[in-house]
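**Student:** Can you read through this structure? Questions will come right after.
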Amino acid sequence: MTLNTIGLDQKETKDIAQDLNVLLANFQVYYQNLRGVHWNIRGKRFFDLHVKFEELYTDANMKVDEIAERILTLGETPLHTFDDYTKAAKVPVGKNVSEDEKTVRLIVDSLSELLKIERGILDKTDEVGDEGTNAMMSDFITEQEKTVWMFKAWLNETV
């Protein structure tokens, strides 16, 4: 086993960075979805949702940067083209979504996909002792689970 400068196995680190690149691609699509629903929301709930979507896309933008910087910390290169993002993304793409319930449903569906990816990374990083990535995933998951719960309550649904 060959360790890198931060004390992690180089092969395992490369695998984790690849998974983080998949997460990065999906976060970029999620971010664009949030921008789209922020711009296009219509109806009686416009003011509340417009502000909430801005809060979410600001947070997503910060997370994109954190993910990319973690990939660099692990010694790899973050994806950075839309072509790469669309090839790797599983998050649904929302095009011209403006109805309140459909915008919220898009966010819940997007977060559900992100959570699946993050849980996979969490498990893998736990096995190899990558505490930095593991802590990041744990924080993301905790926050996103709460957001899903809130939006499901808004939709009058249970988690």
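The values are calculated or read from the model by the stated rules, or taken from the named source; none is laboratory data. This structure is a prediction, so every number in the text was calculated from the model and none was measured. Ideal geometry is used to build each Cβ from the backbone, glycine not excepted, and the neighbour counts take in all protein chains shown.
**Student:** Looking at the range 141-155, I want the residues that are over 11 Å from Ile107 (Cβ atoms) and have a partner that is part of a helix (DSSP H, G or I) with Cβ atoms under 6 Å, at least 6 apart or on another chain. Which pairs are those?
**Tutor:** That search, which allows pairs on different chains as well, returns Ile141/Glu118.
**Student:** Restricting to the range 89-107, count the residues that are surrounded by fewer than 19 Cβ atoms within 10 Å (Cβ to Cβ), part of a helix (DSSP H, G or I) and either free of Cβ contacts under 8 Å to residues at least 40 places away in the same chain or not acidic (Asp, Glu) (or both).
**Tutor:** 2
**Student:** Still on this structure, I have one more. If I ask for residues that are among the β-branched types (Val, Ile, Thr) and surrounded by fewer than 19 Cβ atoms within 10 Å (Cβ to Cβ), which ones from the range 65-88 would you list?
**Tutor:** Thr73, Thr77, Thr81, Thr86
**Student:** Condition check: closer than 30 Å to Gly7 by Cα and without any contact (Cβ under 8 Å) to a residue 60 or more places away in the chain. Does Lys116 satisfy that?
**Tutor:** When the stated conditions are applied, Lys116 passes them.
**Student:** Now for a separate question. What do you reckon, is Leu79 at pLDDT 95 or above, assigned to a loop (DSSP other than H, G, I, E, B) and on the phi < 0 side of the Ramachandran plot?
**Tutor:** yes
**Student:** Evaluate the following for Thr125: is it in a helix (DSSP H, G or I), modelled with pLDDT of 95 or more and closer than 21 Å to Thr13 by Cα?
**Tutor:** yes
**Student:** For the range 66-76, which positions are touching a residue at least 40 places away in the same chain (Cβ under 8 Å) and assigned to a helix (DSSP H, G or I)?
**Tutor:** Listed by number, the residues that qualify are Glu66, Ile67, Ala68, Arg70, Ile71, Thr73.
**Student:** Starting from residues that are among the basic types (Lys, Arg) and more than 12 Å from the chain's Cα centre (by Cα), keep the ones in the range 52-94 and report whichever is farthest from Leu8 (Cα to Cα).
**Tutor:** Per the stated criteria, the residue is Lys52.
**Student:** Sticking with this one: Across the range 18-55, what is the number of residues that are part of a loop (DSSP other than H, G, I, E, B) and either touching a helix residue (DSSP H, G or I) at 6+ places or on another chain (Cβ under 6 Å) or under 23 Å from Thr73 (Cβ atoms) (or both)?
**Tutor:** 3
**Student:** State yes or no: is Lys124 on the phi < 0 side of the Ramachandran plot, surrounded by fewer than 14 Cβ atoms within 10 Å (Cβ to Cβ) and in contact (Cβ under 8 Å) with a residue 24 or more places away in the chain?
**Tutor:** no
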